[in-house]
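Everything below concerns the one structure shown next.
No value in this document is a laboratory result; all are computed from the given coordinates. Keep in mind it's a predicted model, so treat the numbers as computed, not measured. So basically every Cβ, Gly included, is an ideal-geometry build from the backbone, and we count neighbours across all protein chains shown.
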Amino acid sequence: MSLLNFLTSYCVDQFYRYGDCLYCTHPSGRCSGSCLNCSEEVNFHRKGGRTDYDCQKFMYYYVCRYSWKYCSEIMYALEQIGLSDYPAYNILSVGCGGAPDLMAFEEMESAWDTKEIFYKGCDANRYWTPIHGAISQYASSTQNINAKFINRDIFDVLGSGKPAVHHYNIIVLEYLLSHFPPNNRVYLADILFSQLIEVVLSNRLSDSPFLFIINDIDHYSVRPLFDILLNKLHNAGHCFSYQKSHFKRRNSDYNDGSSEYFSDQNKFIIPDEIKDEFNCAINCTSTQLIVEVQ
């Protein structure tokens, strides 16, 4: 069983075990009883609606709704990379959520060429804690995955400026930039990229390329942020190559240098009962920045 199948099965079970929400965190004080409604309220910033992923039952729903899509999007990105150049996968996932990037790396590995995966997931949302515990349980049953999680704000983690203790060669930002407050998004992205370069890239795994993957919503408030990272890497004197990609058919070019993927199809067949119950997101819709630092 893969992590994707294990975790979605776990979350389906927990979703039904949880029953009604014991402590309603909805701003109105009344839960509609529909996690789909809450999901739409968060995604589309509906006035008076839920503003964050701050309900335990909702988190189980979220994993079941989005894991196949998010995992597929990262797999498309990994297909653009010469993974054979990486001696191991030492991954720092910022705003890791339910770890769809770890799922993608596991899915890309072949049975006869399994590399060691060290995964550090950082997410400030405490409602991920039981889900992270389940992922750690799964990882402990494998021979090649070591998964650890930290429930802290990434700015606090990196704020000291000291080199990272672990030697990473991969950083993933999965739908993190769009989660920053709109009026502070550029500033926070600027600070985050500086810290990642100074703290993590500076103490990289030797004899390996260094990979950045940013996967996020294809929106005008996110796309320009990619160039902040590229400019910082250039100004720091790093030699790197990059590509920008997207899935959705665009009505205009946006002049961002992004190329459209040949397909937006989900890479998995989702069981019908889960697809219907959890309104699973099917097609890939993100925009991506993939950077390899030599």
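Here are some notes:
- For segment 199-253, pairs of C-alpha atoms spaced more than 19 angstrom apart make up 40 percent of the total.
- Semi-axes of the equivalent ellipsoid of segment 188-294 are 30, 18, 13 Å, computed as sqrt(5λ) over the eigenvalues of the C-alpha gyration tensor in descending order.
- Rough spin-label spacing in nm, given labels placed 7 Å along Cα→Cβ, for THR25 and LYS248: 2.7
- Couplings for segment 145-161, taken from phi via the Karplus curve 6.51 cos²θ - 1.76 cosθ + 1.60 with θ = phi - 60°, read 10, 10, 10, 10, 10, 10, 9, 9, 5, 4, 5, 6, 5, 8, x, 5, x Hz in order; Gly and Pro are left as x.
- Loop-located trypsin sites (Lys or Arg not before Pro) in segment 21-71 (DSSP state other than H, G, I, E, B) with a sparse environment of at most 15 neighbouring Cβ atoms within 10 Å: ARG30, ARG46, LYS47.
- The phi-based Karplus calculation (6.51 cos²θ - 1.76 cosθ + 1.60; θ = phi - 60°) puts the 3J(HN,Hα) values of segment 48-62 at x, x, 5, 10, 8, 8, 10, 9, 5, 4, 4, 5, 5, 4, 4 Hz, whole numbers, x for Gly and Pro.
- Ordering of 233-241, 34-42 by burial proxy (mean other Cβ atoms within 10 Å per residue, highest first): 34-42, 233-241
- Ranked by the mean number of other Cβ atoms within 10 Å of their residues, highest first, the peptides 77-85, 187-195 fall in the order 187-195, 77-85.
- Relative compactness, segment 1-77, computed as alpha-carbon Rg over 2.2 N^0.38 Å: 1.19
- Violating pairs (Cα-Cα greater than 27 angstrom) within the set LYS244/LYS267; LYS57/LYS275; LYS148/LYS275; LYS69/LYS115; LYS57/LYS148; LYS115/LYS148: LYS148/LYS275
- Phi-based couplings in Hz for segment 244-254 (Karplus 6.51, -1.76, 1.60; Gly and Pro marked x): 10, 9, 8, 9, 6, 5, 9, 7, 8, 6, 6
- Projected label points at ALA236 and LYS162, each 7 Å from Cα along the beta carbon direction, are separated by 1.9 nanometres.
- Kirkwood Rh, Cα atoms: Rg over Rh of segment 132-266: 0.98
- Gyration tensor over alpha-carbon atoms, the chain, equivalent ellipsoid semi-axes in Å: 29, 22, 20
- Cut-off under 5 Å, modelled amide H: who pairs with ILE170 long-range: ASN90, LEU92, LEU211
- By DSSP, the beta bridges lying fully in the chain are antiparallel in about 40 percent of cases.
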